[in-house]
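Every read-out reported here was derived from the displayed coordinates using simple, explicitly stated rules and does not represent laboratory data. This is a predicted model, so every value here is computed, not measured. FYI the Cβ positions are ideal-geometry reconstructions off the backbone, even for glycines, and counts take in every protein chain you see.
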Amino acid sequence: MKKVMFATLLGGFLGVFDGLTALFTPEVRDQIVGIVIGSTVKGLVTGVIVGFFATKVHSLVLGTLFGLAVGAFFAYLILLGNPGHTLNIMLPGSLVGLIVGYTAQTHQT
Amino acid sequence: MISEPALDRLSAMFRAPDVAGTRYELVSILGRGGMGIVYLARDTVLDREVALKIVEGSAGDTNEARILARLEHPGIVPVHDFGQLPDGRLFYAMKRVRGDRLDRWMAAPHDLPERLGVFLRVCDAVAFAHAHGVIHRDLKPENVMVGEFGEVLVLDWGVARQMQIAECKLQIVGTAEFMAPEQARGDATVDHRADVYALGAMLESFGEVIPVLAIARKARSADPGARYQSVQALAADVSRYLAGRAVEAHRETVVDRLARFERRYRLPILLVLTYLAVRALMLWFVRV
């Protein structure tokens, strides 16, 4: 599987789970569909960017840091619209980027 | 008590051929190959060691030297020089390959991907020979050297033949364990698939995992038509296994497929599980 496709699928997969965890937060449970879709799209976009970066730059450290930065950036954009959930938004979003960045670099096509 | 091979070597050294008049000095015997004895010799002009093969039997047999001279490939031992001894026998000097014979190399602990990597390089060299119309006809681990720096060289092309010549000869040559049935029968139809069979026999000793054994079994089919039709096809299936993909020779069950998926994506799976565990812990802390 190509790096970009692999990273995109992984990002989307993690995004789905990321969004589903909102089920455990009662005050946003009624917005779960929107949250899951938004989170999945965020994961997919992160995957595309990080996967493309991995095809151009072959460095585990740079790739992982880039993934972390992209994940954190998109999480921050979400945080701007939902202040007050810093840890719940920033930490998982950054982790998704980190994981996608690392696996995209180590994935053998 | 001197062992039989040692005695054999000693007596052969006493019967060492006269190389006077050539640029070589014999040092010791490296081994006996197809159609001759291979000596370690010193090239006095270039001051380097070479493997000097003295052709026994048919003095006019220049087959191996001619074939090797035509096959310039990093996996095929090159010929440096060719000539005639005072007694009329022909000789040729080849690169002296340092390292282990594949059968000895295999006795040391090497993991399966490393072994298969060596196997693929043997396939490369043999496929190159086939592309130039040459069949080796005696492929076996003893005829492959793994060099000190990981280089892999296929040796002993003494019984190799041009394909069109091999097809009309009935002479039975090769090593029984690695010999295709049609080659053992002396059929007139022996072609490059006899080498595919021999490679399959070699592969059988490389690893006990089911897909690799299935590839080896397919390569060793008694019917040449049921084998891989080229060395490239055989190598491609081995490469598929190494890349974690399904191999042509083995029909997978669901369990096999899951196990392969787990092997191929072990790291991402572990990371995803770690991520989910972190998320679960975060939720637990928030609720507590």
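Annotations for the structure displayed:
- Against the main long axis of the alpha-carbon atoms of chain A, helix A:32-56 sits at an angle near 20°.
- For chain B: Kirkwood Rh in Å [reciprocal of mean 1/r, alpha carbons]: 21.4 Å
- Most mobile of B:Glu182, B:Glu248, B:Glu208 in a GNM of chain B (Cα contacts under 10 Å): B:Glu208
- Averaging over all projection directions, the Cα-based convex hull of segment B:199-288 occupies 7.3 nm² in the image plane.
- Over 25 Å (Cα to Cα) - which of B:Lys53/B:Lys218; A:Lys3/A:Lys42; A:Lys3/B:Lys218 fall in this group: B:Lys53/B:Lys218; A:Lys3/B:Lys218
- Nearest-ten-degree value, helix A:60-81 long axis tilted from longest Cα axis of chain A: 20 degrees
- Taking 12 Å as the straight-line reach from the Cα of B:Lys140, the aspartates and glutamates in range (excluding those fewer than 8 positions away in the same chain) are B:Asp103, B:Asp156, B:Glu177, B:Asp195, B:Glu204.
- Between the Cα long axis of helix B:210-219 and the first principal axis of chain B there is an angle of about 40°, rounded to the nearest 10.
- The charge dipole of chain B, taken about the Cα centre with unit charges on the Cβ atoms of Lys, Arg (+1) and Asp, Glu (-1), comes to about 1140 debye, rounded to the nearest 20.
- Cβ-placed point charges (K, R +1; D, E -1), dipole of the protein assembly as shown about Cα centre in debye, nearest 20: 1140 debye
- Fraction of alpha-carbon pairs over 26 Å apart in segment B:21-143 - percent: 26 percent
- 29 Å tail of the calculated P(r), the protein assembly as shown, as % of Cα pairs: 59 percent
- Under a model in which nothing but the beta-carbon of Lys, Arg (+1) and Asp, Glu (-1) is charged, segment B:205-281 shows a dipole of about 160 debye around its Cα centre.
- P(r) tail for chain A: Cα pairs beyond 23 Å make up 24% of the total.
- Residue exposure proxy: A:Lys2, B:Lys218, ordered by other Cβ atoms within 10 angstrom of their Cβ from fewest to most, comes out as A:Lys2, B:Lys218.
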